[in-house]
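Following: one structure in structure tokens, then a few remarks.
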Amino acid sequence: MEILSLAWAFFKIGIISFGGGWTIVGIIQHEVVARGWMSAPTFANVVAIAQVTPGPVALNAATMIGFRVGGLAGSLVASVAVVAFPMLAVALVLILIRRMHIDEKKLSDAFRVATIPLIATTLVSLGMTPALGWHVWLIAAASCALSLFTKVDPILLILGSGAIGAVMAAFHM
Amino acid sequence: MGKATPAEKPPATFLSLFWTFFVISAVTIGGSYAMVPVMATRITRRGWMDEQSFYDLFALAQAVPGPTTLTTAVFVGQRLLGFPGAAAAFLGIMIPPVVSIILVSLLYAAVARNPIVQGFLAGSYGTVIGLVAALLIRMARARKWRIHEVVLSLLCFAALLVFKGWALPIVITTVILVRLGAMIWKS
């Protein structure tokens, strides 16, 4: 039964998870802590790990909580449940655009006016993470400039800056 | 779609799409807005889509719930190769995090407390912040702004900061006002 309520909880989270990762994390916290599956401090740990492991943050959090609650089966159920409704919505949007001859260009252009502030708020919440070292900000500024003015692959930037951070940690800088 | 690119780059197949999204998902840390620039670079470099069309699909992905990385990838896959493309994108994005999280859950204590791992994560977190900032600048420069759109965008930003759990109604209201504004502008 635990698996069923896990599936249902994450399916519901998927329905209201507009606005991408960080919004979804807030919703998951509410749902999971209220059900007593996890204490608030443990949830904060899970989010910290979800944020630094590869993949979408919300999906990572779902997989991890599923694992804590229901083992391997729980993690698979939670991962699939959280994306089930979003995938239905994608199919629906594609059908609507085709059937109703909605001008996709105009629609997505209007969405950009709202997408840009959404990204800005993400930047604010990323930057407000407590206790970021000075080198993190230096790496942030350098990565931003490199991404804007060169054609360097962002994956290389991520791996390279990670290596710099690891070396600094190894030498206790 | 089946448009030939001048550089004669190979078109997307199920496997190449799957692999592209798999790699993106496997190495990108920090969530949607860090992954989107990586995705844009990889997709345009393979000649599958120009940057503008990619960001149009990204904007469209904001219209549906769910992780934006996943919904953007599925829209891109669908555009390039129909249903098989969408399936390839879905699997490519889903498999790495699910597998890595299960591993991390098993090794939780050893991995999370290792100072070198933490150093790596802190360093790459810096790049995530930088990439999100660059994405913001690039997207803002890529569109022609009318005055009412600038005002609406700033209002939307303020509203999102104040009413944290209300992203959806705020976004929908902004989009409706932008379209209304465009109609008034024309008449």
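The values are calculated or read from the model by the stated rules, or taken from the named source; none is laboratory data. These numbers come from a predicted model, not from an experiment. Don't worry about glycine lacking a Cβ; one is built from the backbone with ideal geometry, like all the others, and counts go over all protein chains shown.
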Enumerate the pairs (first residue in region A:59-85 and under 16 Å from A:Ile15 (Cβ atoms); second residue anywhere and outside any helix (DSSP H, G or I)) with beta-carbon separation below 8 Å, excluding pairs fewer than 6 apart on the same chain, so at least 6 apart or on different chains. A:Leu59/B:Pro67; A:Val82/A:Ser17; A:Val82/B:Gly66; A:Val83/B:Gly66; A:Val83/B:Pro67; A:Phe85/B:Pro65; A:Phe85/B:Gly66
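Here is a list: A:Ile97, A:Ile119. Which entry is β-branched (Val, Ile, Thr), touching a Leu at 6+ places or on another chain (Cβ under 9 Å) and in the same structural domain as A:Thr53 (by TED's automatic domain parsing)?
Details: A:Ile119 fails: in the same structural domain as A:Thr53 (by TED's automatic domain parsing).
None of the other options fit; the residue is A:Ile97.
Here are some residues: B:Leu131, B:Leu136, B:Leu160. Which one is in the same structural domain as B:Phe54 (by TED's automatic domain parsing) and either touching a Pro at 6+ places or on another chain (Cβ under 7 Å) or modelled with pLDDT under 85 (or both)? Step through it out loud before you land on a result.
Details: B:Leu136 fails: either touching a Pro at 6+ places or on another chain (Cβ under 7 Å) or modelled with pLDDT under 85 (or both); B:Leu160 fails: in the same structural domain as B:Phe54 (by TED's automatic domain parsing).
Selected residue: B:Leu131, the only one of B:Leu131, B:Leu136, B:Leu160 that is in the same structural domain as B:Phe54 (by TED's automatic domain parsing) and either touching a Pro at 6+ places or on another chain (Cβ under 7 Å) or modelled with pLDDT under 85 (or both).
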In region B:59-84, which residue that is more than 7 Å from chain A (Cβ to nearest Cβ) and within 17 Å of the chain's Cα centre (by Cα) is modelled with the lowest pLDDT? B:Ala61
Conditions (1) under 20 Å from B:Gln62 (Cβ atoms); (2) without any contact (Cβ under 8 Å) to a residue 12 or more places away in the chain; (3) of a type in the set (Gly, Ala, Ser); number of the one not met by B:Ala122: (1)
Is there a residue in region A:48-58 that is out of contact with any Lys or Arg (no Cβ under 8 Å at 6 or more places or on another chain), crowded, with 20+ Cβ neighbours inside 10 Å, more than 9 Å from chain B (Cβ to nearest Cβ) and at pLDDT 70 or above? no
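Hey, among the residues in region B:98-121 that are within 7 Å of chain A (Cβ to nearest Cβ) and at pLDDT below 80, which one's nearest to the chain's Cα centre (by Cα)? Explain how you work it out, then say what you get.
Our first condition is that a residue be within 7 Å of chain A (Cβ to nearest Cβ); within region B:98-121, this holds for B:98, B:100-102, B:104-105, B:112, B:115-116, B:118-121.
With the extra rule that they be at pLDDT below 80, the set shrinks to B:104-105, B:112, B:118, B:121.
Details: B:Val104: 24, B:Ser105: 26, B:Ala112: 27, B:Gln118: 25, B:Leu121: 21 Å.
Here the answer is B:Leu121.
Of the residues that sit in region B:32-58 and are facing chain A (nearest Cβ under 7 Å) and more than 9 Å from the chain's Cα centre (by Cα), which one is surrounded by the fewest Cβ atoms within 10 Å (Cβ to Cβ)?
Kept after step one, since they are facing chain A (nearest Cβ under 7 Å), are these residues of region B:32-58: B:32-33, B:37-38, B:41, B:56.
Okay, now just the ones that are also more than 9 Å from the chain's Cα centre (by Cα), so B:41, B:56.
On the way: B:Thr41: 19, B:Asp56: 21.
Ranking the candidates gives B:Thr41 first.
Would you mind finding the one in B:Arg143, B:Arg113, B:Arg79 that is among the charged types (D, E, K, R) and in contact (Cβ under 8 Å) with a residue 40 or more places away in the chain? Explain how you work it out, then say what you get.
Working: B:Arg143 fails: in contact (Cβ under 8 Å) with a residue 40 or more places away in the chain; B:Arg113 fails: in contact (Cβ under 8 Å) with a residue 40 or more places away in the chain.
On inspection, the qualifying residue turns out to be B:Arg79.
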Would you confirm whether or not region A:149-157 contains a residue that is facing another protein chain (nearest Cβ under 7 Å), in contact with a Ser or Thr (Cβ under 7 Å, 6 or more places away or on another chain) and either crowded, with 21+ Cβ neighbours inside 10 Å or touching a residue at least 60 places away in the same chain (Cβ under 8 Å) (or both)? yes
How many residues are modelled with pLDDT of 85 or more and either of a type in the set (Gly, Ala, Ser) or in contact with a strand residue (DSSP E or B) (Cβ under 8 Å, 6 or more places away or on another chain) (or both) if we restrict to region B:27-56? 3
Output yes when any residue across region A:15-36 is at the interface with chain B (Cβ under 9 Å from one of its Cβ atoms), more than 11 Å from the chain's Cα centre (by Cα) and at pLDDT 75 or above, and no when none is. yes
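Kindly indicate which of A:Ala91, A:Ala81, A:Ala120, A:Ala110 is over 25 Å from B:Arg138 (Cβ atoms) and at the interface with chain B (Cβ under 10 Å from one of its Cβ atoms).
Details: A:Ala81 fails: at the interface with chain B (Cβ under 10 Å from one of its Cβ atoms); A:Ala120 fails: over 25 Å from B:Arg138 (Cβ atoms); A:Ala110 fails: over 25 Å from B:Arg138 (Cβ atoms).
Only one candidate qualifies: A:Ala91.
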Given A:Ala142, A:Ala166, A:Ala170, which one is more than 25 Å from B:Leu161 (Cβ to Cβ) and surrounded by fewer than 14 Cβ atoms within 10 Å (Cβ to Cβ)? A:Ala170
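Residue-by-condition table, conditions (1) in contact with a strand residue (DSSP E or B) (Cβ under 8 Å, 6 or more places away or on another chain); (2) closer than 24 Å to B:Leu107 by Cα; (3) not polar (S, T, N, Q):
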position: A:Pro54; (1), (2), (3): yes, yes, yes
position: A:Ala62; (1), (2), (3): no, yes, yes
position: A:Gly74; (1), (2), (3): no, yes, yes
position: A:Ala78; (1), (2), (3): no, yes, yes
position: A:Met87; (1), (2), (3): no, no, yes
position: A:Val93; (1), (2), (3): no, no, yes
